[in-house]
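Student: Once you've had a glance at the structure underneath, I'll fire off some questions.
The values are calculated or read from the model by the stated rules, or taken from the named source; none is laboratory data. None of these values were measured; they are calculated from a predicted model. Positions of Cβ are generated from backbone atoms using ideal geometry, with glycine treated the same way; all protein chains shown enter the neighbour counts.
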Amino acid sequence: MNKKTYAGIPEKYARLDDAQVVLIPVPYDGTSTWQKGADKGPEAFLHASENMETYDIETKSEPYKKGVYLAPAITENSSPEKMVDTVYKTTKNYINQEKFVTIFGGEHSVSIGTIKAFNECFEDLTVVQIDAHADLRPSYEGSTCNHACAMYQASKHTNLIQVGIRSMDIEEVDEMDENRVYFAHDLYEDWEDDALGQMTGNVFITIDLDGFDPSIAPATGTPEPGGLFWYETLAFLKKIFKKKNVVGFDIMELCPLPHEKSTDFLAAKLYYKMLAYKFKYSNKKNNDDDE
């Protein structure tokens, strides 16, 4: 039996030696506090990807032909701290192989490890977080590696830009730099350009799927009303890929539902669209006329 590949792509595009992209699944759901099931997210995402057309209409491209290596899933779950450390070491290993590293979780605590790795490998890093929740608690339920703490270290050690935030605890107010936060209720015309002006050259993007409005992405652990929609999110991401050096990204918090597959497919399309933007615009970041 042939080894499983991302999106069912031919094996010749899925070998580590030749692939430009590495995809690391992290089926972890050890600290979530409401709906469980984010550990099933990577499997649902991969299944949806297998049923996705691989020609991207907008960019007129087939991103998978750049090569996507589906790495072995990280299954460490003995503690949040050990999971984060394993994610950090694995991510850094692939970055050091000069791959474009992407991660699919799992709950958002996974990003603590990915961001640490990227921050050590790329100078002057901006982290762009699309999320319903601030995730800025220094610790929660006895751990600094809880999903509620996912962005705390990023806020201290990187240039953190937060987009779509509409739920937080009062203790997070003191940890937040509101000059770099674009609350969902305050998004205004051309807010994307203001956010871009806050970013450094190297950018890592972390997306919690609850950043989207639950009307288009209901299958998340904590769906919050008032979120982002598909095309406005793509417009923002497209600007980042055109203007900045996106060094990697992760997508988190798909909590699949038995009879609702639209969020699975949204996640699959989002991942592929971000690859399409990466390869179309990686050499054209300063060309404002590219579409």
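Student: Considering Gln162, Gln97, which residue is of a type outside the set (Gly, Ala, Ser) and surrounded by fewer than 24 Cβ atoms within 10 Å (Cβ to Cβ)? Don't jump to the end; show me each part of the working.
Tutor: Values: Gln162 fails: surrounded by fewer than 24 Cβ atoms within 10 Å (Cβ to Cβ).
Sole residue among the options that is of a type outside the set (Gly, Ala, Ser) and surrounded by fewer than 24 Cβ atoms within 10 Å (Cβ to Cβ): Gln97.
Student: Give me the pairs, please: first residue somewhere in the stretch 240-260 and closer than 19 Å to Ala44 by Cα, second residue anywhere and of a type in the set (Lys, Arg) and at pLDDT 95 or above, beta-carbon distance under 7 Å, and either six or more positions apart or on two chains.
Tutor: Sorted first by the residue in the stretch 240-260, then by its partner, the pairs are Pro256/Lys40.
Student: Restricting the stretch 202-223 to residues that are modelled with pLDDT of 95 or more and in a loop (DSSP other than H, G, I, E, B), which is surrounded by the fewest Cβ atoms within 10 Å (Cβ to Cβ)?
Tutor: Ser215
Student: Hey, another quick one. Look at the stretch 176-201 and say how many of its residues are among the hydrophobic types (A, V, I, L, M, F, W, C) and assigned to a helix (DSSP H, G or I).
Tutor: Taking the stretch 176-201 first, the residues among the hydrophobic types (A, V, I, L, M, F, W, C) are 176, 181, 183-184, 187, 191, 195-196, 199.
Still in the running and assigned to a helix (DSSP H, G or I): 184, 191, 195-196.
The number of residues fulfilling the criteria is 4.
Student: Taking into account only those residues within the stretch 214-243 that are over 20 Å from Thr102 (Cβ atoms) and among the polar types (S, T, N, Q), which is farthest from the chain's Cα centre (by Cα)?
Tutor: The selected residue is Ser215.
Student: Between Ala73, Ala134, which is touching a Pro at 6+ places or on another chain (Cβ under 6 Å) and without any contact (Cβ under 8 Å) to a residue 60 or more places away in the chain?
Tutor: On the way: Ala134 fails: touching a Pro at 6+ places or on another chain (Cβ under 6 Å).
When all the criteria are applied, what remains is Ala73.
Student: Checking Pro42 against (1) over 16 Å from the mean Cα position of the chain (by Cα); (2) touching a residue at least 40 places away in the same chain (Cβ under 8 Å), which single condition isn't satisfied?
Tutor: (1)
Student: Further question on the same structure: Answer yes or no as to whether Ser49 is in contact (Cβ under 8 Å) with a residue 40 or more places away in the chain, out of contact with any strand residue (DSSP E or B) (no Cβ under 9 Å at 6 or more places or on another chain) and in a helix (DSSP H, G or I). Walk me through how you get there before you give the answer.
Tutor: On the way: in contact (Cβ under 8 Å) with a residue 40 or more places away in the chain: yes; out of contact with any strand residue (DSSP E or B) (no Cβ under 9 Å at 6 or more places or on another chain): yes; in a helix (DSSP H, G or I): yes.
Taking the combined requirement at face value, the residue satisfies it.
Student: Please give the number of the condition Ala134 fails out of (1) surrounded by fewer than 24 Cβ atoms within 10 Å (Cβ to Cβ); (2) under 16 Å from the mean Cα position of the chain (by Cα).
Tutor: Failing condition for Ala134: (1).
Student: Can you find, within the stretch 244-277, the residue that is farthest from the chain's Cα centre (by Cα) among those that are surrounded by fewer than 21 Cβ atoms within 10 Å (Cβ to Cβ) and of a type in the set (D, E, K, R)?
Tutor: Only one residue tops the list, namely Glu260.
Student: Being more than 24 Å from Gln153 (Cα to Cα) and under 17 Å from the mean Cα position of the chain (by Cα) is the requirement here; does Val68 meet it? So that I can check it myself, show each step before the final result.
Tutor: Working: more than 24 Å from Gln153 (Cα to Cα): yes; under 17 Å from the mean Cα position of the chain (by Cα): yes.
When the stated conditions are applied, Val68 passes them.
Student: Looking at the stretch 8-46 only, could you name the residues that are closer than 24 Å to Glu76 by Cα and in a helix (DSSP H, G or I)?
Tutor: Matches in the stretch 8-46: Ala38, Asp39, Lys40, Gly41, Pro42, Glu43, Ala44, Phe45, Leu46.
Student: Looking for whichever is aromatic (Phe, Trp, Tyr), farther than 21 Å from Ala7 by Cβ and touching a residue at least 60 places away in the same chain (Cβ under 8 Å) here; the options are Phe236, Phe279, Phe265. Which one fits?
Tutor: Values: Phe279 fails: farther than 21 Å from Ala7 by Cβ; Phe265 fails: farther than 21 Å from Ala7 by Cβ.
Of the residues listed, the single one that is aromatic (Phe, Trp, Tyr), farther than 21 Å from Ala7 by Cβ and touching a residue at least 60 places away in the same chain (Cβ under 8 Å) is Phe236.
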